[in-house]
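The next block holds one structure in the form of structure tokens; read it before the comments.
The values are calculated or read from the model by the stated rules, or taken from the named source; none is laboratory data. Since this is a predicted model, take the numbers as computed values, not measurements. Note that we place each Cβ from the backbone using ideal geometry, even for glycine, and neighbour counts take in every protein chain shown.
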Amino acid sequence: MTRSTDTHTPYTAYVPHYSLCSNKLESYLRYKGIPYTPTIPSPQVLNTIRQKTGFYKVPAVNTADDKWLFDTTTMLQWFEQHYPENPILPADPALRFIALLLEDYADEWLWRPAMWWRWEPRAARWATGWLITTEGGVPRPLRRFAGFMFGRRQRREWLWDDGMTEANSGDVRDMLFRELAFLEPLLEEQPFLLGSHPSAADFGYIGPFLNHFCHEPEPLAVMRTHGPSTTEWVARMWNAKRHRLPAEQQWLWPEAGYWLPLLGRVARDYLPYLHQNALAFRDGKQRFDHVGDTFTFNNTKTTHYRVYCRQVLQEEFGKLSSQDQQRVDELFEPCGGLEALHADGIIDSNIAHQFELPRDPTPEDSYKSSFLGVVLGQPRN
């Protein structure tokens, strides 16, 4: 039993249809066979989520004993501790780190093209704005205006304020094509990114691919033409059941040639972005210019959460033995190395305690709501 309409399941998952990370969470719960009740949160429930977790952030999970979970990366780790069968992290420590790194890359870097294909084309922006305001209970006479304002806010907050400009808008759009060029040969040979079973990397990737690239008409046409094997993988991930897969997990080291462009993007674009973002946070800057190998994002907002993401990756790398660290370094050496991960040491985000589950937020942790905050959404920080 997985996705259920039974209200007596041990978990109620608040998973809006439009949420990128809701698909990540639901795919995981379905794969592990964890019973849950999917629920679209009402405005009243969103306020409860804020009170119980400290944030207006979905998806969120309410347990049968009224504990609250949020943040999909942290939630998946919490569920792994309680449901250890068929783990989504390889036993090999070096490969485990790579799975976590790819999950983080998919969550925080592929966010941009996912947002582009949803909020930049006018038709998609209007349609999704209407869907969200409808699910949010906005009175029908106000939905057109509210949907327009919400779409405008999303486009500004998640694209233009995240470093996208008219000059690089096409590059952000084309990030989808770059990922498909990596995924297609890989998924023609094996069912999942790191082998025979879904890993944390797969669940990171499924968020933007299922609910954005395979949901909006324009990117779906791209997927059908340029990514048939990836489109098949999306369906396979949504319908994956651990009892249907081989009992023995076979994990594969990412050494084939088609891995090199992806590892290069991680080493020369994503990790330098995290480093520059962390430096801006340390120096008290609200904005900074990111210069990577492929992308330049000028005047992009400093994002507190991504300082935390980098901190976690650094700590995970630090847990590896010297031999396993060397294996990871050797993998990335032809692609630019991991200097950006280690540069300037760990810059403390000071928010790690906010991701200890279950949540019991202090008043200082809680996001202070306002009318405009409820209507337009919580700022990223």
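Of the helices (runs of 4 or more DSSP H) lying entirely inside the stretch 133-225, the ones with 1 or more residues being touching a Pro at 6+ places or on another chain (Cβ under 6 Å) and not polar (S, T, N, Q) are found at 169-189.
Listed by first and then second residue, the pairs with beta-carbon distance under 8 Å, at least 6 apart or on different chains, first residue in the stretch 171-191 and more than 29 Å from PHE297 (Cα to Cα), second charged (D, E, K, R) and surrounded by fewer than 21 Cβ atoms within 10 Å (Cβ to Cβ), are LEU187/GLU232; PRO191/ARG236. Taken over the stretch 23-48, the criterion of being touching a strand residue (DSSP E or B) at 6+ places or on another chain (Cβ under 8 Å), in a helix (DSSP H, G or I) and modelled with pLDDT of 95 or more is satisfied by LEU25, GLU26, LEU29, ARG30.
When you scan the stretch 188-207, do you find a residue that is crowded, with 21+ Cβ neighbours inside 10 Å and farther than 25 Å from GLU85 by Cα, even just one?
No, the stretch 188-207 contains no residue that is crowded, with 21+ Cβ neighbours inside 10 Å and farther than 25 Å from GLU85 by Cα.
Only residues that are of a type in the set (Asp, Glu) and over 27 Å from TRP251 (Cβ atoms) were counted across the stretch 36-91, and they come to 2.
For (1) part of a strand (DSSP E or B); (2) at pLDDT 95 or above; (3) closer than 12 Å to ASN277 by Cβ, each residue gets a yes or a no:
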site: THR294; (1), (2), (3): no, no, no
site: VAL307; (1), (2), (3): no, yes, yes
site: VAL328; (1), (2), (3): no, yes, no
site: GLU333; (1), (2), (3): no, yes, no
site: LEU357; (1), (2), (3): no, yes, no
site: PRO363; (1), (2), (3): no, no, no
site: LYS368; (1), (2), (3): no, no, no
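The residue that is surrounded by the most Cβ atoms within 10 Å (Cβ to Cβ), counting only those in the stretch 125-168 that are farther than 30 Å from GLY292 by Cβ and touching a His at 6+ places or on another chain (Cβ under 9 Å), is ILE132. The set of residues in the stretch 40-65 being buried (at least 18 other Cβ atoms within 10 Å of the Cβ) and free of Cβ contacts under 8 Å to residues at least 60 places away in the same chain consists of PRO41, ILE49, VAL58, PRO59, ALA60, VAL61, ASN62. Scanning the stretch 78-95 for residues that are part of a helix (DSSP H, G or I), in contact (Cβ under 8 Å) with a residue 24 or more places away in the chain and more than 15 Å from LEU263 (Cα to Cα) yields a total of 3. Being part of a helix (DSSP H, G or I), surrounded by fewer than 18 Cβ atoms within 10 Å (Cβ to Cβ) and of a type in the set (Asp, Glu): is that true of GLU103 here? Criteria not met by GLU103.
If I go through the stretch 226-248 residue by residue, how many of them are surrounded by fewer than 13 Cβ atoms within 10 Å (Cβ to Cβ), assigned to a helix (DSSP H, G or I) and small (Gly, Ala, Ser)? Of the residues in that region, 1 qualify. Among the residues of the stretch 53-62, those identified as at pLDDT 95 or above and touching a Leu at 6+ places or on another chain (Cβ under 7 Å) are PRO59, ALA60, VAL61.
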